[in-house]
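Colleague: This is the structure, below, for whatever I ask next.
The values are calculated or read from the model by the stated rules, or taken from the named source; none is laboratory data. If you're wondering where the values come from, they're calculated on a predicted model, not measured in any experiment. Here the Cβ positions follow ideal geometry from the backbone for every residue, glycine too, while neighbour counts run over all protein chains shown.
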Amino acid sequence: MLSLTESLWGELRGKRIFVTGGTGFVGSWLVETFLHANTTLSLGAEMVVLSRKPEAFLLKHPKLKDNPALKFVCGDVRNFEEPRGDFDFVIHGATEPAGFADLDVAVESLEVCFEGTKRVLEFCKNKNVKNIYTLVLAPFMASRRAT
């Protein structure tokens, strides 16, 4: 797969990326793909992942523990302390998993997503980040249409 996308990865050479939701289902795939590309293509990039439970994630993914290109910041997406340094990219993927069978739970989950997105955008403004990608609201919209 990397051979098909190799030309796209060059933009990350030497860059720092901040990721929310990097320990979830989609996020863990994103982290592992980044680390593989970073090593294989010698990108020299660094990824900083915000997680409420980084230790639990690393227990499930022990091969990632000692990778120097991967750092973790412990915190909640709604009120995290900003990590030090500059960031070139932000990928916001933190969300609360929720089904729409219980609309009270769905409303609470959406509130977490909105508050988290607001906090991530504040972070981007404070850090002057120009490259912002979000994965947050698509699952809610798809799930709601399906019911």
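Colleague: From (1) within 18 Å of V112 (Cβ to Cβ); (2) without any contact (Cβ under 8 Å) to a residue 40 or more places away in the chain, pick out the condition that doesn't hold for L58.
Modeller: L58 satisfies every listed condition except (1).
Colleague: Still on this structure: Output yes when any residue across the range 36-43 is without any contact (Cβ under 8 Å) to a residue 12 or more places away in the chain, within 22 Å of N131 (Cβ to Cβ) and not hydrophobic (A, V, I, L, M, F, W, C), and no when none is. Break it down into steps so the answer makes sense when it comes.
Modeller: Initially, the range 36-43 is screened for residues without any contact (Cβ under 8 Å) to a residue 12 or more places away in the chain, giving 42.
Filter again for within 22 Å of N131 (Cβ to Cβ), leaving 42.
With the extra rule that they be not hydrophobic (A, V, I, L, M, F, W, C), the set shrinks to 42.
Yes, the range 36-43 contains at least one residue that is without any contact (Cβ under 8 Å) to a residue 12 or more places away in the chain, within 22 Å of N131 (Cβ to Cβ) and not hydrophobic (A, V, I, L, M, F, W, C).
Colleague: Hey, another quick one. Might you check whether a residue that is farther than 27 Å from N128 by Cα, without any contact (Cβ under 8 Å) to a residue 60 or more places away in the chain and either small (G, A, S) or surrounded by 16 or more Cβ atoms within 10 Å (Cβ to Cβ) (or both) occurs anywhere in the range 3-21? Outline the logic, then answer.
Modeller: Taking the range 3-21 and keeping what is farther than 27 Å from N128 by Cα, we get 3-6.
Keeping just the survivors that are without any contact (Cβ under 8 Å) to a residue 60 or more places away in the chain gives 3-6.
Now drop any that are not either small (G, A, S) or surrounded by 16 or more Cβ atoms within 10 Å (Cβ to Cβ) (or both), which leaves 3.
Looking for residues that are farther than 27 Å from N128 by Cα, without any contact (Cβ under 8 Å) to a residue 60 or more places away in the chain and either small (G, A, S) or surrounded by 16 or more Cβ atoms within 10 Å (Cβ to Cβ) (or both), one finds at least one in the range 3-21, hence yes.
Colleague: Another question about this same structure. Can you name every residue in the range 1-52 that is polar (S, T, N, Q) and in contact with a helix residue (DSSP H, G or I) (Cβ under 9 Å, 6 or more places away or on another chain)?
Modeller: The initial filter retains those residues of the range 1-52 that are polar (S, T, N, Q), namely 3, 5, 7, 20, 23, 28, 33, 38-40, 42, 51.
Within the range 1-52, T5, T20, T23, S28, T33, N38, T40, S51 meet the criteria.
Colleague: Pull out all pairs, ordered by first then second residue, where Cβ-Cβ is under 7 Å, the residues are six or more apart or on different chains, the first lies in the range 111-130 and is over 23 Å from K15 (Cβ atoms) and at pLDDT below 95, and the second is in a loop (DSSP other than H, G, I, E, B) and of a type in the set (D, E).
Modeller: Hits for this filter: V112/E96; C113/E96.
Colleague: Additional query: Within the range 95-103, is there a residue that is modelled with pLDDT under 95 and within 18 Å of F18 (Cα to Cα)? Break it down into steps so the answer makes sense when it comes.
Modeller: First pass over the range 95-103, keeping only residues modelled with pLDDT under 95: 95-103.
Still in the list and also within 18 Å of F18 (Cα to Cα): 95.
Taking every residue of the range 95-103 in turn, at least one turns out to be modelled with pLDDT under 95 and within 18 Å of F18 (Cα to Cα).
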